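Below is one structure, written out as structure tokens, with a few remarks after it.
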Amino acid sequence: MDEKVYTLEEIEAFCLGKLAAKEQSVFEQRLTVDEPFQRRVRLIQSLLDGFAAIAAEDLAQRMNHWAEDLREQEDQELIEWYLNGELGPTAKQSVEQRRQTDSAFDSLFGSQQALLEGFEAAQADTFADQLTTWENEAQAETPIKSFNPWIKRLSIAASIALLIGLGGWGYMKNQYSNQKLFAALYQSPNVGGTMGGQGIEGFKEQFTKAHRSLQARAFPTAVQQFKELSTLLPDLELDPLARSYYDNNVEWSLLLAQLGHDQIDGDFRAKLERIATDDSHEYQAQAKTLQNKLGSIWR
């Protein structure tokens, strides 16, 4: 097996298709038998792909378009959830089927995948250590150099800087804003059907108004409306199914309204934790997702 210790410069040249034919062949043979080396190359390739995606003029134009188009923002969030393994089987299958029939969505999926992989590579805790280790290995093989060894990692280091400098950091931070998280987690409720009991019609009317406020992103109004609904609930005569439905929905919707209104203090976190640890709560999965998002490095 080829035992050569490849420098970052050589790995990058391979990823960019710049190696000579003979060197390319030797490199590819090494990839087929050396798994650690494969992982190293994949990491560099993902970083370069992410850089290329965000630096591309057409993607920059798309990003501006997404900011104006709610549907594409929702598509981007859906893709992100898919890539992070946060969709259920049905939703996951829907994404995969849509990729087969919607070329624009499939193109957006590919760009978002490259972008996220590149950022993950750049932000990985071990990435800097790996760069140092690989550079030390290269220096050990060829200790006498007529130039500064840091030059070997210049283009990749520059790529990281450009990813951030071209708006990548701000873009990713924006995807994890409170308003973005609200948009990804909110779902309109079903207010029809026969659930209820004495006095429920007036409550349902107020319940519908509160959700209309949420849908209009009138968060301060929605916060007050859901707080009022939570005080009305205990006095209503509801069947067990209806009580569970409205208790869960009002509690979760109030948290989403507070999230959209940037009211995520200690009390908010405590209530979120309670929902996330309650196996009987209808919104437990969403609460766990929100906890993970709030703890992201992009916050």
Subset of the stretch 243-280, residues crowded, with 18+ Cβ neighbours inside 10 Å, more than 14 Å from L214 (Cα to Cα) and of a type in the set (A, V, I, L, M, F, W, C), comes to L272, I275, A276
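Taking the stretch 29-59 as the region of interest, how many residues are charged (D, E, K, R), over 19 Å from E9 (Cβ atoms) and either at pLDDT 80 or above or not assigned by TED's automatic domain parsing to the domain that holds A104 (or both)?
Matching residues across the stretch 29-59 total 1.
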Quick check on the stretch 214-230: of everything there that is touching a residue at least 40 places away in the same chain (Cβ under 8 Å) and part of a helix (DSSP H, G or I), which residue is farthest from H261 (Cα to Cα)? L214
Within the stretch 24-44, residues of a type in the set (D, E, K, R), surrounded by 13 or more Cβ atoms within 10 Å (Cβ to Cβ) and free of Cβ contacts under 8 Å to residues at least 12 places away in the same chain come out as R42
Within the stretch 234-269, which residues are modelled with pLDDT of 90 or more, among the aliphatic types (A, V, I, L, M) and more than 22 Å from the chain's Cα centre (by Cα)? V250, L254
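The values are calculated or read from the model by the stated rules, or taken from the named source; none is laboratory data. Because the structure is a prediction, the values reported are computed rather than measured. Using ideal geometry, Cβ is built from the backbone for each residue, glycine included, and neighbour counts are taken over all protein chains shown.
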